[in-house]
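For reference, the structure discussed in these notes is given below.
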């Protein structure tokens, strides 16, 4: 029997999502993209527990790039870094105005400057030059405000430190590959919750696969 998805290869694997037998290639390549796999699917669980070697290498490379940005941060600052980075990872661009690393650098830098200015007793809203960056900054500001309202000015200062780290990472990516979204892709791979996972109720506890040593 041919696979009902590709109509090319033999169907050898029972798919609980489709209620049919499909081929192993479609199971592996269309999982969670074209096929809405249930969380209790044995093949999905196995793939997450034992990812292919190429995926493991990518994960190791991502962690090697991200972990230096956490060095020197306190535990609270590291959690803020993960939280705000997850906001950038989840940002949805439209077809005409795609988010690139320069936008992330502008958004995080402008918000950091705003928070640093506020710490000196001056209320001034720094603005990025890019419209996309301004939209991302608004989302970052919303996340910071949600945390700061319960934590006070100390958390606001920590947020400024963290935003400078994100700006640093984005600027580094721009120097390597301008007009790309390499940082967002990296953050998505490392920080974004897996498909089907519930979003955290508050931004103080982001879902993340990154383990802080």
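The values are calculated or read from the model by the stated rules, or taken from the named source; none is laboratory data. The model shown is predicted, which means the values in this text are computed figures rather than measured ones. Cβ: placed from backbone, ideal geometry, glycine included. Neighbour counts: every protein chain shown.
If you check 37, 27, 6 for being outside the structural domain of residue 134 (by TED's automatic domain parsing), in a helix (DSSP H, G or I) and in contact with a helix residue (DSSP H, G or I) (Cβ under 7 Å, 6 or more places away or on another chain), only one passes: 27. Taking residue 72 as the residue in question, decide whether it is outside the structural domain of residue 182 (by TED's automatic domain parsing) and surrounded by fewer than 11 Cβ atoms within 10 Å (Cβ to Cβ). In short, no. Residues in region 116-126 that are part of a loop (DSSP other than H, G, I, E, B) and touching a helix residue (DSSP H, G or I) at 6+ places or on another chain (Cβ under 9 Å) were compared, and the one that is surrounded by the fewest Cβ atoms within 10 Å (Cβ to Cβ) is 123. Could you please let me know if residue 129 is surrounded by fewer than 20 Cβ atoms within 10 Å (Cβ to Cβ), modelled with pLDDT of 90 or more and in a loop (DSSP other than H, G, I, E, B)? Taking the combined requirement at face value, the residue satisfies it. When every residue of region 24-44 is checked against the conditions, none turns out to be without any contact (Cβ under 8 Å) to a residue 12 or more places away in the chain and within 30 Å of residue 175 (Cα to Cα).
Of the residues 113, 93, which is farther than 30 Å from residue 4 by Cα and outside any helix (DSSP H, G or I)? Selected residue: 93, the only one of 113, 93 that is farther than 30 Å from residue 4 by Cα and outside any helix (DSSP H, G or I).
Could you pull out the residue among 107, 180 that is in the same structural domain as residue 69 (by TED's automatic domain parsing), assigned to a helix (DSSP H, G or I), under 25 Å from residue 65 (Cα atoms) and touching a residue at least 24 places away in the same chain (Cβ under 8 Å)?
After applying the criteria, what remains is 107.
Among the residues of region 15-72, just one is at pLDDT below 80 and under 24 Å from residue 2 (Cα atoms), namely 47.
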